[in-house]
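Heads up: the structure comes next, in structure tokens.
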Amino acid sequence: MSYIKCKNLVLGYEGMVVAENISFEVNKGDYLCIVGENGAGKSTLMKTLLGLTPPMGGVFECSDGLNAHEIGYLPQQTFVQRDFPASVWEIVLSGTLSSCGRRPFFGRAQKELAEKNMRRMDIWNLRKECYRKLSGGQQQRVLLARALCASSVLLVLDEPVTGLDPKATVEFYQLIKRLNNEGLTIIMVSHDVQAAIEYASHILHIEKERSFIGTVQEYMESEFWRELANKLEM
Amino acid sequence: MLVNSCQGSGLIEGIERIMIEEIQFYISYPFVRYALIVGTLIALCSSLLGVSLVLKRFSYIGDGLSHVAFGALAVASVFNLTNNTLVVMPVTIAAAILLLRTGQNTKLYGDSAIAMVSVGALAVGYLVMNLFSTSANVSGDVCSTLFGSTSILTLTRAEVALCIVMSVIVVALFVLLYNRIFAVTFDENFARATGVKAQLYNTLIAVITAIIIVLAMNLVGSLLVSALVVFPALSAMRVIKSFKGVVIYSAVISVCCSLVGITLSILFSTPVGSTIVAANIVVFIGNCIAGRRH
């Protein structure tokens, strides 16, 4: 059962090709890490998965009961959010917007969903706090709760540990692993290859003209991993 | 001592009585009532949108638009049209959409493009007014368009009706779309990924801003319009922690400042626009101090 199927995908924006020949599948329950050097097209691939940037070529399909927009997204923090006056409750509740349809206001179902996910992320007691006063780890858990409100099956995370201290980073990875064990499919863009091979089930390594997709085991036997290891040793 | 303080409080009571009588006297005139109604409504609308504009870093749109509206008004008045708003409103709305597009395109020096458009409109407006105006007092006209001066007190019944209709539409739209506006303001990418048509709401915000700016030009003049948009939101953000709280508190601040400003300007014959903005500055400083102590 595959949620997302990509074949010979060409990525880019404003007419410029960033990466090509990307083919992979994401199946239910996978924990896929997308790695690659800066500028290799990781962020563009992520935007394509979310439907924000259309692919320049190739095939991109969402299938098997995964509706478009039924993706929980954890974006990188923007500078707008750093001094944004909003309570934790308001932010998490805004994740349920897609289930409102055309109705202008949140109903009981949305509020119950928000409460459930806040308890799941252990931030229910912070619900009246101001988002900008929270620590980095707490802010990530708020955004994670919001993403879980938007989708109960697939999470897409963009460099989620940037700016977190080492302890919060480990806690965050364990939290994601726990969600994966509960049955959620995870796609994470990361530059942290060590954590990727420790926690993920599959690795997608993209470069400008070639890419690798396979399990962590296969990745560590591939030339991509050898080249990376050589670079690290030097 | 005792006698003195009694006299003191008697004096204050006397002044209060005179002021209240004076307010009652003025309020019996329809033009003062019109000014108060229009002032309250415009303050309410501008503060509601102001929160979103400030947080999305769109304040520059308000500023740029006010200059464009000035240019359009100058051209319209030269042609001696019976209703200037019919020309100024569409031009400003078109400029709003244009500014929004260029502002988002960071590669094309968005901020310089806006500076160009707004200052250009200002210069052309002033030029046109000087070259073609039939009025005897051009600099007086320019000053009142820029700073509002007395035009708020010469509103006609039709202008008041237009303002009421527009304000009802703006407030209704804001309430109905409140949750979506919050989502787009806080995190546009997330909103788009979950199926919210972010670009539509951005355009809507820009169009409504244009409408409010054209209406508010009567009240405070085109140079001071952005103060009405920016100040209440910034004041409220100093002390309030939630988005809903900020929206409500900034609406309260804006309406109160507007009412106090109009009343004071009538009592002491000061310019309406700058008195309202001065009231907003005082409130902003007060909120800054309160926010520090928190």
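The values are calculated or read from the model by the stated rules, or taken from the named source; none is laboratory data. Worth saying up front: this structure is predicted, and the values here are computed from it rather than measured. Positions of Cβ are generated from backbone atoms using ideal geometry, with glycine treated the same way; all protein chains shown enter the neighbour counts.
Values as computed for the structure displayed
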{"read-out": "Options B:VAL230, B:VAL160, B:VAL175, B:VAL168; residue that is closer than 30 Å to A:GLN139 by Cβ and over 13 Å from the mean Cα position of the chain (by Cα)", "value": "B:VAL175"}
{"read-out": "Test: residue in the range A:42-55 that is at positive phi and at the interface with chain B (Cβ under 9 Å from one of its Cβ atoms)", "value": "yes"}
{"read-out": "Extreme residue, farthest from A:THR53 (Cα to Cα), among residues of the range B:175-223 that are free of Cβ contacts under 8 Å to residues at least 12 places away in the same chain and part of a loop (DSSP other than H, G, I, E, B)", "value": "B:ASP187"}
{"read-out": "Residue match in the range A:70-88 (condition: acidic (Asp, Glu), more than 8 Å from chain B (Cβ to nearest Cβ) and within 17 Å of the chain's Cα centre (by Cα))", "value": "yes"}
{"read-out": "Residue that is surrounded by the most Cβ atoms within 10 Å (Cβ to Cβ), among those in the range A:125-146 that are in a loop (DSSP other than H, G, I, E, B) and out of contact with any Ser or Thr (no Cβ under 9 Å at 6 or more places or on another chain)", "value": "A:LEU134"}
{"read-out": "Some residue of the range A:93-108 being touching a residue at least 60 places away in the same chain (Cβ under 8 Å) and away from every other protein chain (no Cβ under 11 Å)", "value": "no"}
{"read-out": "Flag if A:ILE197 is aliphatic (A, V, I, L, M) and in a strand (DSSP E or B)", "value": "no"}
{"read-out": "Every pair of residues 6+ apart whose Cβ atoms lie under 6 Å, when the first sits in the range A:74-87 and is in the same structural domain as A:LEU144 (by TED's automatic domain parsing) while the second is hydroxyl-bearing (Ser, Thr, Tyr) and crowded, with 17+ Cβ neighbours inside 10 Å", "value": "A:ALA86/A:TYR131; A:SER87/B:SER242"}
{"read-out": "Conditions (1) farther than 12 Å from A:LEU97 by Cβ; (2) surrounded by fewer than 20 Cβ atoms within 10 Å (Cβ to Cβ); (3) more than 10 Å from chain A (Cβ to nearest Cβ): number failed by B:TYR201", "value": "(1)"}
{"read-out": "Among the candidates B:ALA113, B:ALA158, residue that is out of contact with any Leu (no Cβ under 6 Å at 6 or more places or on another chain), assigned to a helix (DSSP H, G or I), surrounded by fewer than 20 Cβ atoms within 10 Å (Cβ to Cβ) and at pLDDT below 75", "value": "B:ALA113"}
